[in-house]
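Structure first, commentary second.
The values are calculated or read from the model by the stated rules, or taken from the named source; none is laboratory data. Just so you know, these numbers come straight off a predicted model, no measurement behind them. Don't worry about glycine lacking a Cβ; one is built from the backbone with ideal geometry, like all the others, and counts go over all protein chains shown. Keep in mind that these areas ignore ligands, DNA and RNA; they rest on the heavy atoms of the full protein, side chains included. Shrake-Rupley method; radii C 1.70, N 1.55, O 1.52, S 1.80 Å.
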Amino acid sequence: MNPDSRQVALRAFLGNLCEVSTLGDQDDLFAGGFVNSLYLVSLLNFVQGEFGVVLDEEDFDMDNFRSIQAVLDFVARKRGEV
Amino acid sequence: MEPHLWTAEQESARKGFRAFARRHLEPHAARFDREERLDEDVFALMAAQGYLGALVPVAHGGSALDPLTFGFLNEEIGAACSSARSLLTVHGMVCQAMGAWGTPEQKARWLPELALGRALGAFALTEPEVGSDARSVQTTATPDGQGWVLNGHKKWITFGEVATLLLVLARHGEQTLALLVDGSAPGVQRTPIRGMLGTRASMLAEIRFQDCRVPPGRLLARPGFGFPVMASALDLGRFSVAWGCVGLGQACLEASVRHASTRQQFGRPLAGHQLVQRMLADMVVGVRASRLLCLQAAAARAAGHPRSTLDTLLAKYHASTMAMRAARDAVQVHGASGCSAENPVSRYLRDAKTMEIIEGATEILQGLIAGQARGDVRPDPEG
């Protein structure tokens with residue numbers, strides 16, 4: 001899956017959890033109330049299952065999941081694309 | 001019921017759970033309630049059946065039940081004894097958190113012990129001043145070398161009296177942490193809580209931590225992830241409680257049908273009176289509707305669907321409020337005898353009230369469900 005497809009898939013996933021029509025890729029998911037801790041777990045599961053990355057202990061950093069762009073950057077780093 | 005909605009293997013497992021519950025729990029549930037504790041045999045029997053390892057991977061010695069089969073386990077145990085179902089819930093929450101967030105070393109060390117029942121898990125989130133508002137947790141964890149020093153006070157901890165591995169939510173500055181704490185560690189003081197309204201054999205305790213040293217390797221995830229760890233465990237807890245409430249509602253229904261079919265008033269069975277029929281009908285529909293929501297939540301969980309968490313909220317909200325209505329009506333159908341401690345329906349009513357509070361009070365769930373209501377608005381076909 002290329003980065004553009006990931007962005008589409010991630011927005012589609014988040015659409016199950018929150019209103020994404022007004023959500024920018026740089027917007028803070030937590031501060032904006034788009035995603036709460038309960039749904040962070042679903043997000044982590046999605047990232048692992050959909051993007052083929054395995055989360056290690058050091059990956060549990062809120063900044064990796066703070067925005068759509070942060071998630072995409074994190075996945076790219078984990079996959080050794082950047 | 002609806003056997004076409006699940007497999008023959010799942011139905012077989014369900015029958016096994018029911019046989020166990022009817023033989024080992026149902027005949028003793030009233031005594032457990034009265035004595036406010038489960039027999040030690042119950043822990044051993046549930047461990048021997050693999051029930052305590054229900055959520056532990058086979059590689060770590062567990063039985064790794066699929067979500068629906070785990071749901072049936074909670075339904076059948078919950079129909080016989082809500083306190084024993086509480087054991088499945090809190091022990092399962094610790095197993096789930098360990099499996100989701102634990103390091104390979106943590107999993108290798110504790111999951112086999114949890115699966116065998118040699119370690120008994122409890123979920124220590126609630127404090128005297130902190131209930132639904134878990135973000136305001138006051139228990140502190142202070143770095144000490146590579147470990148932590150814990151100070152604080154937890155309350156209403158299910159099976160806190162006997163648990164050997166506590167999953168504790170604490171705070172360090174602005175960050176929350178989820179720590180694994182030995183129940184018998186120095187600095188841990190446990191005080192049993194007696195006289196609860198419902199699930200009275202759940203062996204609740206207050207737990208005080210006074211300069212309790214938590215060695216390295218006991219932190220799940222990282223600092224700052226305490227609340228997500230606990231939230232993921234609560235998600236499992238709600239799933240377990242929802243299914244347990246289906247069992248509780250079913251028990252209310254069965255007791256009411258039996259009584260209404262045999263008790264004669266005004267020259268005919270109670271079940272022949274229309275106002276009693278209304279209560280029986282509401283129980284039938286309520287139990288089935290709750291079970292269907294639980295089935296949906298189980299399917300979403302099995303598929304890893306993003307709406308699994310929301311589906312679980314719906315199931316828990318509906319099933320817990322249904323169980324309360326069913327238990328209230330079951331007592332009403334039984335009349336004076338339903339108010340007697342000798343009659344199981346009086347215990348069902350006390351247990352059902354507890355279900356509306358634990359693992360997310362009804363009002364918290366309503367807020368969370370309403371917050372996601374836009375997901376149920378149909379998109380504009382022209383849009």
Quiz item: What pairs come up if the first residue lies in segment A:40-52 and is within 9 Å of chain B (Cβ to nearest Cβ), the second is of a type in the set (Gly, Ala, Ser) and open to solvent by less than 10 Å² (accessible area, probe 1.4 Å), and their beta carbons are under 6 Å apart, counting only those six or more places apart or on different chains?
Solution: A:Val41/B:Ser232
Practice problem: Could you run through segment A:20-39 and say how many residues are facing another protein chain (nearest Cβ under 9 Å) and either closer than 22 Å to A:Gly80 by Cβ or surrounded by 14 or more Cβ atoms within 10 Å (Cβ to Cβ) (or both)? | Solution: 4
Quiz prompt | Which numbered condition B:Gly145 misses (of (1) more than 24 Å from the chain's Cα centre (by Cα); (2) at pLDDT 95 or above) | solution = (2)
Quiz item: Of all residues in segment B:315-336 being open to solvent by 50 Å² or more (accessible area, probe 1.4 Å) and within 18 Å of the chain's Cα centre (by Cα), which is farthest from the other protein chains (Cβ to nearest Cβ)?
Solution: B:His318
Quiz item: Considering only segment B:342-383, how many residues are within 13 Å of chain A (Cβ to nearest Cβ), part of a helix (DSSP H, G or I) and not β-branched (Val, Ile, Thr)?
Solution: 8
Quiz item: Restricting attention to segment B:127-147, and to residues there that are touching a Ser or Thr at 6+ places or on another chain (Cβ under 8 Å) and open to solvent by 80 Å² or more (accessible area, probe 1.4 Å), which single residue is farthest from B:Pro215 (Cα to Cα)?
Solution: B:Glu129
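Sort out which residues of segment B:93-108 are assigned to a helix (DSSP H, G or I) and either touching a residue at least 60 places away in the same chain (Cβ under 8 Å) or open to solvent by less than 40 Å² (accessible area, probe 1.4 Å) (or both), and write them in order of number. Break it down stepwise before answering.
Step one: list which residues in segment B:93-108 are assigned to a helix (DSSP H, G or I), which gives B:93-101, B:104-108.
Correct list: B:Met93, B:Val94, B:Cys95, B:Gln96, B:Ala97, B:Met98, B:Gly99, B:Ala100, B:Trp101, B:Glu105, B:Gln106.
What number of residues within segment B:271-317 satisfy the criterion of being outside any helix (DSSP H, G or I) and not basic (Lys, Arg)?
To start, the set of residues in segment B:271-317 that are outside any helix (DSSP H, G or I) comprises B:273, B:304-307.
Filter once more, keeping what is not basic (Lys, Arg): B:273, B:304-306.
Total satisfying the criteria: 4.
Considering only residues of segment A:53-82 that are in a helix (DSSP H, G or I), of a type in the set (A, V, I, L, M) and touching a residue at least 12 places away in the same chain (Cβ under 8 Å), which is farthest from the other protein chains (Cβ to nearest Cβ)? Even if it seems obvious, please write down each step before you answer.
Of the residues in segment A:53-82, the ones in a helix (DSSP H, G or I) are A:57-59, A:62-65, A:68-78.
The next check asks that each one be of a type in the set (A, V, I, L, M); those that pass are A:62, A:68, A:70-72, A:75-76.
Okay, now just the ones that are also touching a residue at least 12 places away in the same chain (Cβ under 8 Å), so A:62, A:68, A:71-72, A:75-76.
Working: A:Met62: 6, A:Ile68: 15, A:Val71: 14, A:Leu72: 17, A:Val75: 16, A:Ala76: 21 Å.
Checked segment A:53-82; the qualifying residue farthest from the other protein chains (Cβ to nearest Cβ) is A:Ala76.
Would it be correct to say that B:Leu248 is within 17 Å of B:Thr126 (Cα to Cα), within 23 Å of the chain's Cα centre (by Cα), among the aliphatic types (A, V, I, L, M) and surrounded by 24 or more Cβ atoms within 10 Å (Cβ to Cβ)?
No: the conditions fail for B:Leu248.
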